[in-house]
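> My questions all concern the structure below.
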Amino acid sequence: MTNIVWADIAREVIVVQGDDAQTFLHSQLANDIASLDVGTSIHSLLLEPTGHVSALVRVVRHEDIVFTLDVDAGFADAVIARLQRFVLRAKVTMSRSDWVVRAFRGPDAVREIGVGPGRAVPYWDSADEIDVVGDASHVLTLGEETEPERIDYSRADARWPKLGVDILVGDIPGTTGILSVAVSFTKGCYPGQELVERMDSRGTTAPVVIRALPREGLGVGARVTENNQSVGTVTSIGAHIALARIARSSTVGEPLV
């Protein structure tokens with residue numbers, strides 16, 4: 001008997017396809033899309049030309065010229081609008097899809113689900129966590145269905161931030177705490193690169209940084225204090241970990257990575 005649980009989580013899916021889909025996404029996203037193989041996924045920041053965060057997306061390559069971007073609920077239209085500003089003559093189309101993001105969590109979930117279309121890494125690499133992006137009628141189920149809120153608890157415990165909750169539109173990229181997995185420092189130019197590279201080369205941190213700390217009874221909205229001074233606010237909670245937006249002057253909490 002498997003101990004895996006699954007749920008369709010609150011993410012919106014955008015289909016991006018066309019002869020220039022890969023080249024276009026590589027030119028617009030902060031991560032290296034050019035090296036993304038069919039059947040794999042990668043996380044990336046989508047930035048404004050000013051360098052501020054527009055969205056955190058996950059890219060899944062389904063076929064040679066068919067990709068999906070999935071994003072936290074409520075942000076798909078903004079992602080499409082941001083990308084369409086730079087399409088110009090590229091042979092690429094994008095549209096909202098009714099595909100689902102089905103999350104599987106549990107011991108050896110990656111092995112149990114196996115290979116196939118739409119497989120996507122949820123957070124960091126883990127043998128116990130995998131998502132599948134696709135048509136609900138074609139995506140498998142395995143184990144016991146659970147509430148999406150339970151999956152969100154596991155997200156916080158995995159130290160992964162959520163757009164619109166932990167990461168805010170307009171943030172400086174360094175706030176996110178996930179530059180090591182959502183940005184490539186070796187690819188070519190993309191909108192917003194100048195701010196990312198400048199802060200990295202100077203060793204500059206953002207005024208506010210997302211950090212992880214033991215939950216210990218904390219709830220969303222709780223103030224985080226250090227030396228009797230407020231230094232941040234809890235934005236997400238898991239069973240064991242809380243994520244909080246913390247002032248860079250504080251030593252409270254640990255980096256997400």
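> Just checking, how many residues over the range 174-189 are β-branched (V, I, T) and either assigned to a loop (DSSP other than H, G, I, E, B) or touching a helix residue (DSSP H, G or I) at 6+ places or on another chain (Cβ under 6 Å) (or both)?
So the first thing to find is which residues in the range 174-189 are β-branched (V, I, T), and the list is 175-176, 178, 181, 183, 186.
Filter once more, so that each one left must be either assigned to a loop (DSSP other than H, G, I, E, B) or touching a helix residue (DSSP H, G or I) at 6+ places or on another chain (Cβ under 6 Å) (or both): 178, 183, 186.
Residues in the range 174-189 being β-branched (V, I, T) and either assigned to a loop (DSSP other than H, G, I, E, B) or touching a helix residue (DSSP H, G or I) at 6+ places or on another chain (Cβ under 6 Å) (or both): 3 in total.
> Now, a different point. Taking the options R202, R198, R159, name whichever one is within 16 Å of the chain's Cα centre (by Cα), open to solvent by 50 Å² or more (accessible area, probe 1.4 Å) and either modelled with pLDDT under 95 or on the phi > 0 side of the Ramachandran plot (or both).
Working: R202 fails: within 16 Å of the chain's Cα centre (by Cα); R198 fails: within 16 Å of the chain's Cα centre (by Cα).
The conditions single out R159.
> Among (1) open to solvent by less than 20 Å² (accessible area, probe 1.4 Å); (2) under 14 Å from V208 (Cα atoms); (3) not in a loop (DSSP other than H, G, I, E, B), where does D171 come up short?
Against the list (1) open to solvent by less than 20 Å² (accessible area, probe 1.4 Å); (2) under 14 Å from V208 (Cα atoms); (3) not in a loop (DSSP other than H, G, I, E, B), D171 comes up short only on (3).
> While we're here: All but one of (1) of a type in the set (D, E, K, R); (2) farther than 21 Å from H26 by Cα; (3) touching an Asp or Glu at 6+ places or on another chain (Cβ under 9 Å) hold for D171; which doesn't?
All conditions pass for D171, except number (3).
> Pairs, please: C-beta under 8 Å, at least 6 apart or cross-chain, first residue farther than 21 Å from K162 by Cα and in contact (Cβ under 8 Å) with a residue 12 or more places away in the chain and in the range 193-216, second of a type in the set (K, R) and part of a helix (DSSP H, G or I)?
T204/R198
> If a residue has to be part of a loop (DSSP other than H, G, I, E, B), in contact with a Ser or Thr (Cβ under 8 Å, 6 or more places away or on another chain) and surrounded by fewer than 16 Cβ atoms within 10 Å (Cβ to Cβ) to count, how many in the range 213-228 make the cut? Talk me through it step by step, then tell me what you get.
Let us first name the residues in the range 213-228 that are part of a loop (DSSP other than H, G, I, E, B), namely 215-222, 227-228.
This time we only want the ones that are in contact with a Ser or Thr (Cβ under 8 Å, 6 or more places away or on another chain), so: 220-222.
Subset that is surrounded by fewer than 16 Cβ atoms within 10 Å (Cβ to Cβ): 220-221.
Selection size over the range 213-228: 2.
> Now a separate question. Within the range 3-22, identify whether any single residue is open to solvent by 50 Å² or more (accessible area, probe 1.4 Å), in a loop (DSSP other than H, G, I, E, B) and within 20 Å of W124 (Cβ to Cβ), and answer yes or no.
There is no residue in the range 3-22 that is open to solvent by 50 Å² or more (accessible area, probe 1.4 Å), in a loop (DSSP other than H, G, I, E, B) and within 20 Å of W124 (Cβ to Cβ).
> Could you tell me which of the residues P255, P207 is more than 28 Å from S41 (Cβ to Cβ) and open to solvent by 60 Å² or more (accessible area, probe 1.4 Å)?
Working: P255 fails: more than 28 Å from S41 (Cβ to Cβ).
Going through P255, P207 in turn, just one is more than 28 Å from S41 (Cβ to Cβ) and open to solvent by 60 Å² or more (accessible area, probe 1.4 Å): P207.
> It is to be established whether one or more residues within the range 2-24 are more than 17 Å from the chain's Cα centre (by Cα), within 29 Å of P207 (Cβ to Cβ) and hydroxyl-bearing (S, T, Y).
Filtering the range 2-24 for residues more than 17 Å from the chain's Cα centre (by Cα) gives 2-7, 16-24.
Retained after the next criterion (residues that are within 29 Å of P207 (Cβ to Cβ)): none.
Scanning the range 2-24, I find no residue that is more than 17 Å from the chain's Cα centre (by Cα), within 29 Å of P207 (Cβ to Cβ) and hydroxyl-bearing (S, T, Y), so the answer is no.
> Restricting to the range 203-234, name every residue that is in contact with a helix residue (DSSP H, G or I) (Cβ under 9 Å, 6 or more places away or on another chain) and closer than 24 Å to H52 by Cβ.
Initial filter on the range 203-234 (in contact with a helix residue (DSSP H, G or I) (Cβ under 9 Å, 6 or more places away or on another chain)): 204-210, 212, 215.
Once the filter is applied, which keeps residues that are in contact with a helix residue (DSSP H, G or I) (Cβ under 9 Å, 6 or more places away or on another chain) and closer than 24 Å to H52 by Cβ, the range 203-234 yields T204, T205, A206, P207, V208, V209, I210, A212.
> To continue, here is another question. Quickly run through the range 98-112 and pick out the residues that are farther than 20 Å from D152 by Cα and either touching an Asp or Glu at 6+ places or on another chain (Cβ under 6 Å) or open to solvent by less than 30 Å² (accessible area, probe 1.4 Å) (or both).
Matches in the range 98-112: none.
> Out of E112, E129, E144, which single residue is farther than 26 Å from G39 by Cβ and at pLDDT 95 or above? Lay out the reasoning, then the answer.
On the way: E112 fails: farther than 26 Å from G39 by Cβ; E129 fails: farther than 26 Å from G39 by Cβ.
Answer to the selection: E144.
> Another question about this same structure. Give the range 225-256 a look and list any residue that's farther than 22 Å from Y153 by Cβ and among the hydrophobic types (A, V, I, L, M, F, W, C), or say none. Spell out how you get there, then give the answer.
The first filter runs over the range 225-256 and keeps only residues farther than 22 Å from Y153 by Cβ, leaving 225-231, 247-251.
The answer is V231, A247.
> I need the full set of residues from the range 56-65 which are part of a strand (DSSP E or B) and open to solvent by 20 Å² or more (accessible area, probe 1.4 Å), in order please.
Just the residues of the range 56-65 that are part of a strand (DSSP E or B), to begin with: 56-63.
Selection gives R61, H62, E63.
> Condition first: among the hydroxyl-bearing types (S, T, Y) and not in a loop (DSSP other than H, G, I, E, B). Can you find one or more residues in the range 191-212 that meet it? Write out each step before concluding.
Step one: filter the range 191-212 for residues among the hydroxyl-bearing types (S, T, Y), giving 201, 204-205.
Add one more test, that the residue is not in a loop (DSSP other than H, G, I, E, B), and what stays is 201.
Yes, the range 191-212 contains at least one residue that is among the hydroxyl-bearing types (S, T, Y) and not in a loop (DSSP other than H, G, I, E, B).
> Residues of the range 229-257 being assigned to a loop (DSSP other than H, G, I, E, B), modelled with pLDDT of 95 or more and not hydrophobic (A, V, I, L, M, F, W, C), which ones?
Of everything in the range 229-257, those that are assigned to a loop (DSSP other than H, G, I, E, B), modelled with pLDDT of 95 or more and not hydrophobic (A, V, I, L, M, F, W, C) turn out to be G238, H240, S250, G253, P255.
The values are calculated or read from the model by the stated rules, or taken from the named source; none is laboratory data. Bear in mind the structure is a predicted one, so any value in this text is a computation, not a measurement. Glycine also receives a Cβ, built like all others from the backbone with ideal geometry; neighbour counts cover every protein chain displayed. Heads up: the accessible areas ignore ligands, DNA and RNA and are worked out on the full protein's heavy atoms, side chains in. Shrake-Rupley method; radii C 1.70, N 1.55, O 1.52, S 1.80 Å.
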